Amino acid sequence: MKLSLGPLQYFWPRERTLAFYRDVADWPVDVVYLGETVCSKRRELRTVDWLDLAERMAAAGKEVVLSSLALIEAESELGVLERQVDHGRFWLEANDLSALQLCRVAGLPFVAGPTLAVYNHRALALLVEDGLRRWVPGVEQSRELVAELRDGMRDDGHAMPELEVIAWGRLPLSFSARCFTARALDLPKDQCGFRCIDHPDGLPLATREGKPFLRINGIQVQGDETTDLGPELPALAALGVDLLRIYPQAEGTRGIVERFDAARGASVPLPALGARNGYWHGEAGMTLAGHAAGR
């Protein structure tokens, strides 16, 4: 299995972002996703900067995929997407149907990101006809559903695209036109002051009882818990998973990459690090299930 580094979900200062990716060039990841997926107002790096980073990652021997916004609302956002597609050198991770359509028209191979709603093998087959080469299931889709789609594709005589599963990181649960960070700080969305830059791992949100619950990240809401499919590696290999996605976090991402790199291909699961994996087992996302729970 290959290792991929998913797109940066948080808003970091320019120099911190560039320094992070300078380090990534030496990490044992095979695929690097680059681009803003959450909010177009995050302009510490412009489109040209992301493309320059893409060229540097490619020169370092990484496969590069450009990631699109998950929610496109304005002509300016569509313009950025068109520039990504027109660049033509790298695949695009389509996180919105607008991206999928532009890739189809341009004949550009694409990755179906986790925010595209694909729940049956016939929809997956149609996307393959349009240029889909890799599929990242939605965060709530279980191993059982993934297996059903894989088997359905084979039964209908279709080639299964590459399968990439989110193996580590905080899961993107939802997106909205409203900026949750601005609302939490009692600011108008258009005058937010880019305050999410103050929260490099998102703004924690607790329940009334004070228990960790969610992370607010601009217009995106994440689970507070970190998903960890390390204990599932042998089962993932048996399922035919091609890539394991690791989402960047403010601290310790390199150690997580090295942990998965040392374990891929091993016949025994990694020990759980106290993270959660409930969705993968068809349970609530914040639960600890399967091998990680000692079952």
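The values are calculated or read from the model by the stated rules, or taken from the named source; none is laboratory data. The structure presented is a predicted model; accordingly, all values stated were derived computationally and were not measured. Cβ: placed from backbone, ideal geometry, glycine included. Neighbour counts: every protein chain shown.
Of the numbered conditions (1) assigned to a loop (DSSP other than H, G, I, E, B); (2) free of Cβ contacts under 8 Å to residues at least 40 places away in the same chain, D52 fails exactly one; give the number of that condition.
If we test D52 against (1) assigned to a loop (DSSP other than H, G, I, E, B); (2) free of Cβ contacts under 8 Å to residues at least 40 places away in the same chain, just (1) comes out false.
What pairs come out if I take residues in the stretch 95-108 that are on the phi > 0 side of the Ramachandran plot and pair them with residues that are of a type outside the set (S, T, N, Q) whose C-beta lies under 8 Å away, six or more apart or interchain?
Filtered contacts from the stretch 95-108: G107/G131.
Which residue out of V139, V118, V111 is buried (at least 16 other Cβ atoms within 10 Å of the Cβ), of a type in the set (A, V, I, L, M, F, W, C) and outside any loop (DSSP other than H, G, I, E, B)?
V111
Answer with yes or no whether D130 is touching a residue at least 12 places away in the same chain (Cβ under 8 Å), more than 27 Å from G255 (Cβ to Cβ) and surrounded by 14 or more Cβ atoms within 10 Å (Cβ to Cβ).
So D130 passes the test.
Any idea which residue in the stretch 64-79 is surrounded by the most Cβ atoms within 10 Å (Cβ to Cβ), counting only those that are charged (D, E, K, R) and free of Cβ contacts under 8 Å to residues at least 40 places away in the same chain?
E77
Before we move on, is V31 more than 24 Å from C196 (Cβ to Cβ), at pLDDT 95 or above, in contact with an Asp or Glu (Cβ under 7 Å, 6 or more places away or on another chain) and not basic (K, R)?
yes
Quickly run through the stretch 169-213 and pick out the residues that are in contact (Cβ under 8 Å) with a residue 12 or more places away in the chain and assigned to a loop (DSSP other than H, G, I, E, B).
Within the stretch 169-213, S176, A177, R178, C179, C192, F194, H199, P200, D201, G202 meet the criteria.
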